[in-house]
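This report refers to the structure that appears directly beneath it.
The values are calculated or read from the model by the stated rules, or taken from the named source; none is laboratory data. Treat the numbers as computed from the prediction; the structure is a model and nothing was measured. Glycine gets a Cβ as well: all are built from the backbone with ideal geometry, and neighbour counts include every protein chain shown. Quick note on the areas: whole protein, heavy atoms, side chains included, nothing else; ligands and nucleic acids left out. Shrake-Rupley method; radii C 1.70, N 1.55, O 1.52, S 1.80 Å.
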Amino acid sequence: MLAAVLLLMVGVLPGGCQGKTQISAETTTAKQEESLKESQETSGLELIIKETEEENKVDWTEEIFTGENVFISYPVFSFQESECADSINQKIQEDALRILEYFDVNLESDTLDITYEIADITKDWISIVYYGSYSRADAAYPTAVKYTSNLSLKDGTHIRIAQMESAEELAEKIVKGNYRVIGEEEELNQAVREYVAGMEKEAFVRGLESADFGMESYEAYPEWFSFWSTIEGETQISIVMPVIHALGDYAVLELFSEEK
């Protein structure tokens, strides 16, 4: 039996889209409560965007799709003075739940636990990171998972990394080593750097050209993703790329504009 659990949260976002959010009450399990607590701690609830001297405040809810051992949480936004809220929220839901099709998840026997972080919100876009783990009922070990949603606040469409910067230029940064590996274990980070150094530039170009949701074919599930964060007016691009299981299943590369 499936259920949707919604938790009301308050954030500070740019003036943008205004949509309708339906809230239903369900009893959460201990696992759901733990997942919600973790999401609250990591989702960046104190987000402040200053377009003028005033701050525009908006609420969002967290919706959780659940199965027997399946939990996928994602945000549902309300925005001010725009008609794209419904489109944005629909795409966020679709993006968050597409992992079910990608892994062909059995809702009765498999285990999937996905939460999210809001990586960036500006007057132009939202960047959301989903992360967690998946384990098939007969699997020897779980698979680490990370994927993203990048959406325009102007028209509600997906924004792919190849629209922000050419795949060729991004690949060149990686080949030149203009990145740092995001991870807690330096030994593992070094192993990822060695793995990346052994790849051809063409492999990066292909991965980046097809990265992110928003391809014309909805059936094409990306292997590579990106997310962004804006610091002091500068947009920081991070790439999520697949790696072998021994290296963590995926690696996150934060790209530099210049050699460091």
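Observations, loosely collected:
- When each of Ser257, Ser149 is tested for being within 25 Å of Leu112 (Cα to Cα) and out of contact with any Gly (no Cβ under 7 Å at 6 or more places or on another chain), the lone residue that passes is Ser149.
- Any chance Ile161 is more than 20 Å from Ile118 (Cβ to Cβ) and open to solvent by less than 10 Å² (accessible area, probe 1.4 Å): no
- Per the conditions (1) free of Cβ contacts under 8 Å to residues at least 24 places away in the same chain; (2) in contact with a strand residue (DSSP E or B) (Cβ under 8 Å, 6 or more places away or on another chain), the sole criterion not satisfied by Asp104 is (2).
- In the range 247-260, of all residues being out of contact with any helix residue (DSSP H, G or I) (no Cβ under 7 Å at 6 or more places or on another chain) and modelled with pLDDT of 95 or more, the one that is least open to solvent (accessible area, probe 1.4 Å) corresponds to Val252.
- Residue that is farthest from the chain's Cα centre (by Cα) [pool: residues in the range 69-85 that are surrounded by 15 or more Cβ atoms within 10 Å (Cβ to Cβ) and not hydrophobic (A, V, I, L, M, F, W, C)]: Ser82
- For the residues Glu186, Glu202, the requirement of being more than 16 Å from Leu253 (Cα to Cα), of a type outside the set (Ser, Thr, Tyr) and open to solvent by 40 Å² or more (accessible area, probe 1.4 Å) singles out Glu202.
- Residues in the range 79-104 that are assigned to a helix (DSSP H, G or I) and charged (D, E, K, R): Asp86, Lys91, Glu94, Asp95, Arg98, Glu101.
- Within the range 216-225, one or more residues are closer than 21 Å to Thr122 by Cβ and open to solvent by less than 80 Å² (accessible area, probe 1.4 Å).
- The set of residues in the range 165-183 being in contact (Cβ under 8 Å) with a residue 12 or more places away in the chain, open to solvent by 40 Å² or more (accessible area, probe 1.4 Å) and either small (Gly, Ala, Ser) or on the phi > 0 side of the Ramachandran plot (or both) consists of Gly183 alone.
- For the range 43-78, the tally of residues that are at pLDDT 50 or above and either among the acidic types (Asp, Glu) or outside any strand (DSSP E or B) (or both) stands at 7.
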